[in-house]
1. Does any residue in region 99-121 that is hydroxyl-bearing (Ser, Thr, Tyr) come within less than 7 Å, Cβ to Cβ, of a residue that is modelled with pLDDT of 90 or more six or more places away or on a different chain, and which pairs are these?
2. I'm trying to understand the selection: among the residues of region 360-374, which are of a type outside the set (Gly, Ala, Ser), out of contact with any Gly (no Cβ under 7 Å at 6 or more places or on another chain), open to solvent by less than 10 Å² (accessible area, probe 1.4 Å) and at pLDDT 95 or above?
3. Would you say Leu417 is out of contact with any Phe, Trp or Tyr (no Cβ under 8 Å at 6 or more places or on another chain), surrounded by fewer than 20 Cβ atoms within 10 Å (Cβ to Cβ) and more than 20 Å from Asp460 (Cβ to Cβ)?
4. Just name the residue that is nearest to the chain's Cα centre (by Cα) out of those in region 565-594 that are open to solvent by 10 Å² or more (accessible area, probe 1.4 Å) and among the hydrophobic types (A, V, I, L, M, F, W, C).
5. Considering only region 499-542, state which residues are of a type in the set (D, E, K, R), open to solvent by 40 Å² or more (accessible area, probe 1.4 Å) and touching a Pro at 6+ places or on another chain (Cβ under 8 Å).
6. Name the single residue, out of those in region 63-86 being surrounded by fewer than 21 Cβ atoms within 10 Å (Cβ to Cβ) and in contact (Cβ under 8 Å) with a residue 40 or more places away in the chain, that is nearest to Leu248 (Cα to Cα).
7. Among the numbered conditions (1) at pLDDT 90 or above; (2) out of contact with any helix residue (DSSP H, G or I) (no Cβ under 8 Å at 6 or more places or on another chain); (3) more than 25 Å from Ile237 (Cβ to Cβ), tell me where Val58 comes up short.
Amino acid sequence: MSQPRQVQSPAIVPPYLTALNDAQRAAVEALDGPVLVLAGAGTGKTRALTARLAHLLVTGRASPGQILAVTFTNKAAREMKERVAALLNRPVEGWWLGTFHALAARMLRTHAERVGLGPGFTILDTDDQLRLLKQLMAAEGIDDRKSPARALLGVIQRWKDRGLAPDKVSAAQAGDVTGGRAVALYAAYQDRLRALNACDFGDLILHTITLFQTCPDVLAGYHRRFHYLLVDEYQDINVAQYLWLRLLAQGHRNICCVGDDDQSIYGWRGAEVGNILRFETDFPGARVIRLERNYRSTGRILAAASGLIAHNRGRLGKTLWTDGEEGEKLRLRGLWDGEAEARFVGEEIEALQRRGHALSEIAILVRTGAQTREFEDRFLTLGLPYRVVGGPRFYERLEVRDALAYMRLLDNPGHDLAFERIVNRPKRGLGEATLRTLHAAARAGGLSLYEAARRLAATDELRPAARRALARFIESFERWRSLIGHVPHPELAEIVLEESGYTAMWLADKAPDAPGRLENLRELVNAMAEFETLAGFLEHVALVMELNEAEGGDMVSLMTLHAAKGLEFETVFLPGWEEGLFPNQRALDEYGTRALEEERRLAYVGLTRARRRVILSFAANRRLHGSWTPAIPSRFIDELPREHIEVESDPGLYGAVGLGGGLGVGAGGGFADGAPGRVTPGMARARRHADHRGSGDLELSAEVVTTADPVSSSAFVPGARIFHQKFGYGTVESVSGDRLDIAFDKAGRKKVIASFVVPADRAG
């Protein structure tokens, strides 16, 4: 295929090239054939990317309409367009520049009839998709309460992300969703969409792939049109997007993909890191250019991040460096529990603020949304302004508000707003007609909705099904209320959420955010344990929610690590670096080594958000399900190069055994340079220091030191009887290093660290 006429490059190097370093300039000037630009964090990726677009235009290699530039967000597309215009000192028209979905929709509008749609097709939002699926499920006699439509929609979306039409889904991939009828419902859903001349977001890519595969003339037309392809954030594309790009790149093969395999952190939503790892195989002769000079962080931060990510096997490899200052060491702090950790972070922020540090340049990055609760409570106590980025504040989250409504109605049957919120959540068959009848009865009798419901449940005013559901609802609350004063209120909250079906509702939900909602419910129960009564806790929440966030102003940013990608701050706090929390145990259980590597990439992203200062922390104890559980420092701590870390915890708490050549604080044991002694069951019985509101550092009493002598893992052999504080008595089945496989008498089979158990004859 013919290339557009190449204009002779001017003798004077344009300013957009002189502003680049050697690697960036190489990425701009490598115009022919496939190119992979591995752009590390803070290496000026956007500058190189926009300069490449400008260079294509200035050199006459292509006109704007001959370049297909793909971004992941509309914001990134706008920024790219504005930057190119600034480099050229003129606006540029005729771009094919936008997100995957926007560009695919543009193509599909032109050729809709070739895939069975009309050019005026509509794109359904999530609510419309759910409504359509519910209709199809109802027609098949499938109970939405047992097989939620949202779960089926999640499955269908995952199939579409993998480029799978209904006839391409295998029996193994189908599983048992909706009783094994998921594929048939998927096919019916697609047929119904076509009948409505509609599609969903997944169809925009899927239909375009079908268009390219079944209509070679259409694909050839786009090959003639697009002389250059440019793709940003290539590490985050899913399988369908990958297939879409490969088909388009078969023309001129001038495809440039920019990304960072070390920052691929969205596997849970379909991103496939393998796409970037096999780029050279997919595009033989590809040139790989590494952007490694970092303009953001200090030398120590980069060295720590590079040392950590080097433990991943699935990477192409690069090492970030800077010619800037070495900077201060990363600080690592061990604390007693989550409350002490939040107190420590609050004190550190106040100290930074007194030194003139802007709050807007401080971020706290957590692994899960549930972790924000303790920090929010602490900041409200201190009067420290903060914003939660990427989501609502803890007590404003949907599932937390629902659970609080249950608690408020339990505490006060006259709370009509709470009654309205949860009377049909989860669904009990109590619709608008029932609520209208309840409101009418309440007004007529001057009653609360709860009392009106109690009376109506004993009459024939309602249809039988609604009357029975309402009676069960009232009976449940009467039973739960009878437990007040006899059952600890955190335990009562768990009973209410479980017996009401609310927890089960989220367990059945297959949406990606459902596990996070369950974690938030558990954290809510943990929060209750800090108050003597349910009423006291509800009063605290009411006061918290009265303090509305001020618009703008200088505020600390609080967010998950996923939400932090692409951002940077002067100072970054990374709390909760403990096994099970980070790396996340649920992810490890589900995806194994693949998940561990993604968790490590997430840690790398967290470290590289900081320009000057990183403060990591972990707690020795976490409250789980209302009870205290000893925690082990994350293996990621042990993977940090020790010469760049300043350890501030009491080393006497952790023993001399580490996982490797790093700090020796990770899952294998404790600080390598600490005093002898390992984490033992006795630690869980360690008392708080008398001055609990002091610094919050970990401290052990003499009682623990004398009652919890260290026991080597070599002391345990298969068949040995042991005791674990949480799981009770059990029998060792196998030993691997300091990891034991144990069959517990009551808790079943578990993998535990040897330091967490003692021989059965020493239990006490």
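1. Sorted first by the residue in region 99-121, then by its partner, the pairs are Thr99/Thr71.
2. Residues satisfying the conditions are Ile362, Ile364.
3. On the way: out of contact with any Phe, Trp or Tyr (no Cβ under 8 Å at 6 or more places or on another chain): yes; surrounded by fewer than 20 Cβ atoms within 10 Å (Cβ to Cβ): yes; more than 20 Å from Asp460 (Cβ to Cβ): yes.
Against the criterion (out of contact with any Phe, Trp or Tyr (no Cβ under 8 Å at 6 or more places or on another chain), surrounded by fewer than 20 Cβ atoms within 10 Å (Cβ to Cβ) and more than 20 Å from Asp460 (Cβ to Cβ)), Leu417 qualifies.
4. Looking at residues that are open to solvent by 10 Å² or more (accessible area, probe 1.4 Å) and among the hydrophobic types (A, V, I, L, M, F, W, C), I get Ala587.
5. To start, the set of residues in region 499-542 that are of a type in the set (D, E, K, R) comprises 499, 509-510, 513, 517, 519, 522-523, 530, 532, 539.
Subsequent filtering for residues that are open to solvent by 40 Å² or more (accessible area, probe 1.4 Å) retains 499, 510, 513, 517, 522, 530, 532, 539.
Matches in region 499-542: Lys510 only.
6. Within region 63-86, the match that is nearest to Leu248 (Cα to Cα) is Gln66.
7. Result: Val58 fails condition (2) only.
Residues checked against (1) under 21 Å from Ile632 (Cα atoms); (2) of a type outside the set (Ser, Thr, Tyr); (3) at pLDDT 70 or above:
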site	(1), (2), (3)
Ser701	yes, no, no
Pro710	yes, yes, no
Ser714	yes, no, no
Pro718	no, yes, yes
His724	yes, yes, yes
Gly728	yes, yes, yes
Asp738	yes, yes, no
Lys746	no, yes, yes
Arg762	no, yes, yes
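The values are calculated or read from the model by the stated rules, or taken from the named source; none is laboratory data. If you're wondering where the values come from, they're calculated on a predicted model, not measured in any experiment. All Cβ positions, even for glycine, are placed from backbone atoms using ideal geometry, and neighbour counts span all protein chains on display. What goes into the accessible areas is simple: the full protein's heavy atoms, side chains included, and nothing from ligands, DNA or RNA. Shrake-Rupley method; radii C 1.70, N 1.55, O 1.52, S 1.80 Å.
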